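Working notes for the structure below.
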Amino acid sequence: MTDREIELENENIEVELLIEALVKKHGFDFRDYSRVHIKRRILEVKQRLRYESISMMIKDIIYDREFLNKLLLSFSINYTEMFRDPDVYLFMRNEIIDLLRTFPFVKIWHAGCSTGEEVYSLAIMLKEAGIYNKTQIYATDFNDKVLKMAEDGIYPIEYVKNYTSNYQQAGGKESFSDYYIADDNNVIMDSSLRKKVVFANHNLVTDGVFGEIHLIMCRNVLIYFNKNLQDRVLHLFKDSLCNGGVLCLGTKETIENSTAESDFETLDKKLKIYRLKY
Amino acid sequence: MVRLKYQAVVIGASAGGIESFKKLLEEIGDFLDIPVMIVQHIKKSKNSNLAELFSGMSGLNVREAAPNEPVLPATIYFAPADYHLAVEQGRTLTLLATEPINYSRPSIDVLFKTAAEVYRESLIGIVLTGSSHDGAEGLAQIRDLGGCTIVQSPDEAEYSIMPLAALKRVDTSFTGTIKEIADYLKKQLADTV
Ligand SMILES: C[S@@+](CC[C@H](N)C(=O)[O-])C[C@H]1O[C@@H](n2cnc3c(N)ncnc32)[C@H](O)[C@@H]1O
């Protein structure tokens, strides 16, 4: 074996041990996340905090609470935006809202909502469609820090130009500025948009089903899961949806070739919008 | 048992890449019975689906890479705009929406490094035209793990910065024009161990 190969082999052993330490000591289970992703994040933290080896990081995972939080923060990718992929929201507006309208009340689950932009986006559309008041929204993530930010609904003002353009591309006809109050640096989302939202910690790997949901949005979360975990979570969604309920995934995610594929029909292949069969 | 010496090809290009890919794939198309994974730097737009652009060429199976997809023989995978493309130990694909590296997402280095870890000495890496330094580090990793390294000759490349950066970092297995690379590849792809 060359030096580089030995180095790699050692690194891979350490990565496995670190992942085990996280689940054994703290119950955070990344065993079925993309190994490439987790390893890249571990190496990034190792370099940034100048650790000599991954083994030294394992010690701190066990003994140093502060370090644990830093590591977890680096594992999670929280990037999101309002009306992200406007075509998806346009489809929601034109095709899905009328379907939701037929129910006496509507339950929606945003799984992996991060800092909440997606939640406010959908709330705006439900409001404009006149069905917000008969809706209950569950917005969940396994990261308390982002959940708190979602609940606060405060976003940097420099993003608003892009959000406004997304809103318009998603078929928005009102003035987007009616939905927030601006100060010098931030916008604060109108609190009425939060009236029907419950923010809660939920871990897709370890926590259970929600009941009788009409629409699940889980976008850009499964992308970091391996096939096994992805299948498990898709079954969790299947069990949480009512018959005819809608599932919306991220544009690079799919139920194709998963063990849950046959339970769903495809509403839009490109936008990754599916419906649980009756 | 006789098996092919090389089991996968990774290719990276930036500015000027689309034309080079067209030429290269036309030349080697019929010979390809192993997977080819490609990172071409591209901005996200309505027409940024390179798989659509290239499918139908020489009857090859061309697709946009998707998460957890097994890497199949005789198939060309393009990294989608705005995502890094990587290979997992189990020879499946992963997309990462993590931050750009050297201003690029997808990053050639990410694909090359992860593929090198998986395929080791049975990987071929090719750096083509471009005006960034992406790919040089990745090519070095391919070399360190025993793979074959190829760079387009800077004289021929529409943009020479990227080939030059790669040549500066790595003493390559082969440097040449697209036509010469194609001929060299055909020989390598027929090699068995
Ligand atoms: C990239 S963000 C996606 C935000 C939003 N859905 C969107 O598409 O714009 C991914 C989120 O998934 C969350 N996440 C990752 N693993 C999770 C898990 N096991 N359970 C719940 N949330 C998770 C992360 O904390 C992060 O906030």
**Message:** Name the single residue that is farthest from A:I137 (Cα to Cα) among those in region A:224-235 being crowded, with 22+ Cβ neighbours inside 10 Å and without any contact (Cβ under 8 Å) to a residue 40 or more places away in the chain.
**Reply:** A:Q230
**Message:** Tell me the residue from A:E11, A:E81, A:E7 that is within 14 Å of chain B (Cβ to nearest Cβ), surrounded by 14 or more Cβ atoms within 10 Å (Cβ to Cβ) and either over 29 Å from A:M217 (Cα atoms) or without any contact (Cβ under 8 Å) to a residue 12 or more places away in the chain (or both), please.
**Reply:** A:E11
**Item:** Single residue of region A:188-207 satisfying the filter (away from the ligand (no atom under 15 Å from the Cβ) and hydroxyl-bearing (S, T, Y)) that is farthest from A:L22 (Cα to Cα)
**Value:** A:S192
**Request:** Could you pull out the residue among A:T135, A:T140 that is within 23 Å of A:G245 (Cβ to Cβ), away from the ligand (no atom under 15 Å from the Cβ) and surrounded by 14 or more Cβ atoms within 10 Å (Cβ to Cβ)?
**Result:** A:T135
**Asked** When region A:84-97 is examined, which residues are found to be within 28 Å of B:T98 (Cβ to Cβ) and surrounded by fewer than 23 Cβ atoms within 10 Å (Cβ to Cβ)?
**Response** A:R84, A:D85, A:P86, A:D87, A:L90, A:F91
**Prompt:** Within region A:208-231, can you find the residues that are near the ligand (Cβ under 9 Å from one of its atoms), in contact with a strand residue (DSSP E or B) (Cβ under 8 Å, 6 or more places away or on another chain) and in a loop (DSSP other than H, G, I, E, B)?
**Reply:** A:R219, A:V221
**Item:** A:K238 vs. criteria surrounded by 18 or more Cβ atoms within 10 Å (Cβ to Cβ), within 27 Å of B:P70 (Cα to Cα), modelled with pLDDT of 95 or more and more than 16 Å from the ligand (Cβ to nearest atom)
**Value:** yes
**Message:** Can you find, within region B:120-174, the residue that is nearest to the chain's Cα centre (by Cα) among those that are farther than 17 Å from B:A8 by Cα and among the hydroxyl-bearing types (S, T, Y)?
**Reply:** B:T129
**Request:** Please enumerate the residues belonging to region A:205-235 that are more than 14 Å from every other protein chain (Cβ to nearest Cβ) and of a type in the set (F, W, Y).
**Result:** A:F210
**Message:** Residues that are polar (S, T, N, Q) and away from the ligand (no atom under 15 Å from the Cβ): does region A:72-86 have at least one?
**Reply:** no
**Asked** What do you reckon, is B:S45 in contact (Cβ under 8 Å) with a residue 60 or more places away in the chain and polar (S, T, N, Q)?
**Response** no
**Request:** Identify all residues within region B:82-96 that are within 11 Å of chain A (Cβ to nearest Cβ) and either basic (K, R) or within 26 Å of B:G59 (Cα to Cα) (or both); write none if there are none.
**Result:** B:L85, B:A86, B:V87, B:T92, B:L93, B:T94, B:L95
**Fill in**
Inside region A:236-258, the number of residues satisfying the requirement of being free of Cβ contacts under 8 Å to residues at least 60 places away in the same chain, under 16 Å from A:G112 (Cα atoms) and away from every other protein chain (no Cβ under 14 Å) is 2
**Asked** Residue check, B:L95 against (1) part of a loop (DSSP other than H, G, I, E, B); (2) within 16 Å of the ligand (Cβ to nearest atom), all met but one. Which one?
**Response** (1)
**Prompt:** When region A:14-29 is examined, which residues are found to be away from chain B (no Cβ under 14 Å) and of a type in the set (A, V, I, L, M, F, W, C)?
**Reply:** A:L17, A:L18, A:A21, A:L22, A:V23, A:F28
**Message:** Return the residues of region A:259-274 that are within 14 Å of chain B (Cβ to nearest Cβ) and over 18 Å from A:L90 (Cβ atoms); say none if nothing qualifies.
**Reply:** A:T259, A:A260, A:E261
**Request:** Go through the residues of region A:244-259 one by one and say whether even a single one is within 13 Å of the ligand (Cβ to nearest atom) and in a helix (DSSP H, G or I).
**Result:** no
**Request:** Can you work out which of the residues in region A:102-130 that are of a type in the set (D, E, K, R) and assigned to a helix (DSSP H, G or I) is nearest to the ligand (Cβ to nearest atom)?
**Result:** A:E118
**Request:** Find all pairs meeting these conditions: Cβ atoms under 9 angstrom apart; at least six residues apart or on different chains; first residue within region A:37-66 and over 22 Å from B:L85 (Cα atoms) and within 14 Å of chain B (Cβ to nearest Cβ); second residue surrounded by 12 or more Cβ atoms within 10 Å (Cβ to Cβ) and among the hydroxyl-bearing types (S, T, Y).
**Result:** A:R48/A:S74
**Message:** Can you find, within region B:39-55, the residue that is modelled with the lowest pLDDT among those that are part of a helix (DSSP H, G or I) and closer than 20 Å to B:V10 by Cβ?
**Reply:** B:L53
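The values are calculated or read from the model by the stated rules, or taken from the named source; none is laboratory data. All figures in this text were calculated on a predicted structure; none of them were measured in a lab. Positions of Cβ are backbone-derived with ideal geometry, glycine not excepted, and every protein chain shown enters the neighbour counts.
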